[in-house]
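Below is one structure, written out as structure tokens, with a few remarks after it.
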Amino acid sequence: MTVINESHPQQFILLGFADQPWLELPLFIVLLITYPMAMMGNIAIILVSRLDPRLHSPMYFFLTNLSFLDMCYTTSIVPQMLFNLGSSEKTISYMGCAVQLYFFSTMGATECLLLGLMSFDRYVAICRPLHYTLIMNQRLCILLVCTVWLCGITYSVSEATVTLQLPLCGINQLDHLLCEIPVLIKTACGEKEANELALSVICIFVLAIPLCLVLASYTCIGHAILKIKSSEGRKKAFGTCSSHLIVVFLFFGPGITMYLQPPSSISRDQPKFMALFYGVVSPTLNPFIYTLRNKDVKGALVNLVRSIFSSK
């Protein structure tokens, strides 16, 4: 460990895979390919959802917000990762680390809550179809999304601020690819049991409760789908819900593994692979999951491409 005579160092050294340097070039190439894919895929979802009148529904309003979140989420970490992997200096300034910490935790918490909200939207659509437009009206959808964003920001500001106040005793090395709350807590010196407990309690609300809402919603949805007499109707309902379920488990699985255990018990390489999974893999795959399993989105994308080429 490098120790300096400051409570908070001017910069952090992100060790990443310093003990496995052979991983750096393949990871750099993968990020260089997946980051543009994630950006283009999510931009395409946003464009077709806004431009195609057939997609002006609560489901696609929430999907647009998810795509915007994924763009911000991956952008908050990937450029810094690429810079560090492509250079000999694996550093980030203290201010840059703090900004990354706030953005990354805001986007992560907001996405957890938004995925729970999307499952509620699917529950109303399938279990209460006659009242869907009345319940999920535009005003309520905007209010719910604003609430989700506000909760995510509140979590980030409170938890990240408390984490940044922990004494580091001059340690300026983080055994990670980015600045993340559990890793900073683990790196800090002195008494930090209260911070670990606070993180676990808050993450129960941010991770466990939305996941319980998802599971409860899809339990009801499953019963409703089984009651649909038309095989075509069952297939359409299942296709719409399966995309969201895949996205939920891709995101919540690594998140729960990382955040619902004490930071002191986290293994050395676990944070790196988990962060790559929910910070890079999930945002890259989400647009393709929703596109490949959704005829409406595929049709809107085809129409958008046709209109672009016809205008040229």
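The values are calculated or read from the model by the stated rules, or taken from the named source; none is laboratory data. Quick caveat, the model's predicted, so the values are computed rather than measured. SASA here: full protein model, heavy atoms, side chains in, ligands and nucleic acids out. Shrake-Rupley method; radii C 1.70, N 1.55, O 1.52, S 1.80 Å.
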### Task
Answer with a single label: of (1) 16.6; (2) 18.0; (3) 15.0, which was calculated as mean projected area of the Cα convex hull in nm² from the structure in view?
(2)
### Task
Run down the aspartates and glutamates and flag those whose C-alpha is under 17 Å from the C-alpha of LYS192, throwing out any fewer than 8 positions away in its chain.
GLU159, GLU180
### Query
Relative contact order for the stretch 1-119 using alpha-carbon pairs under 8 Å, separation at least 6, rounded to a whole percent?
37 percent
### Message
For Cα pairs less than 8 Å apart in space and 6+ apart in sequence, what is the mean separation divided by the residue count of the stretch 160-199, i.e. the relative contact order in percent?
### Response
46 percent
### Query
Could you sort THR187, THR154 by accessible area so the largest value comes first, with the probe set to 1.4 Å?
THR154, THR187
### Query
Excluding ligands and nucleic acids, what accessible area in Å² is computed for ASP296 using a 1.4 Å probe, to the nearest 10?
80 Å²
### Query
Taking only protein heavy atoms and a 1.4 Å probe, what accessible area per residue, in Å², does the stretch 2-160 have with all protein chains in place?
48 Å²
### Query
By the gyration tensor of its Cα atoms, with a ≥ b ≥ c the square roots of the eigenvalues, what is the shape of the stretch 168-306: rounded for a/c under 1.5, prolate for a/b over b/c, or oblate?
oblate
### For the stretch 14-94, Kirkwood radius (reciprocal of mean inverse C-alpha pair distance, Å)
14.5 Å
### Task
Would you grab the residues whose amide H sits under 5 Å from the one on GLN11? Only those 5+ places off in sequence or on another chain, please, with H modelled 1.01 Å from N.
TYR94
### At least 18 Å along the helix axis (C-alpha) and Kyte average at least 0.5, DSSP helices within the chain
24-51, 58-75, 94-127, 138-164, 209-227, 231-259
### Among the listed pairs LYS90/LYS186; LYS235/LYS295; LYS186/LYS272; LYS236/LYS298, those beyond 23 Å (Cα-Cα)
none
### Message
Relative contact order of the chain, please, whole-number percent, based on alpha carbon pairs below 8 angstrom and at least 6 residues apart.
### Response
28 percent
### Task
Counting helices only, and only those DSSP H runs with n ≥ 4, report the 222 nm mean residue ellipticity of the chain as the sum of -39,500 (n - 2.57) divided by its residues, in deg cm²/dmol to the nearest 500.
-23500 deg cm²/dmol
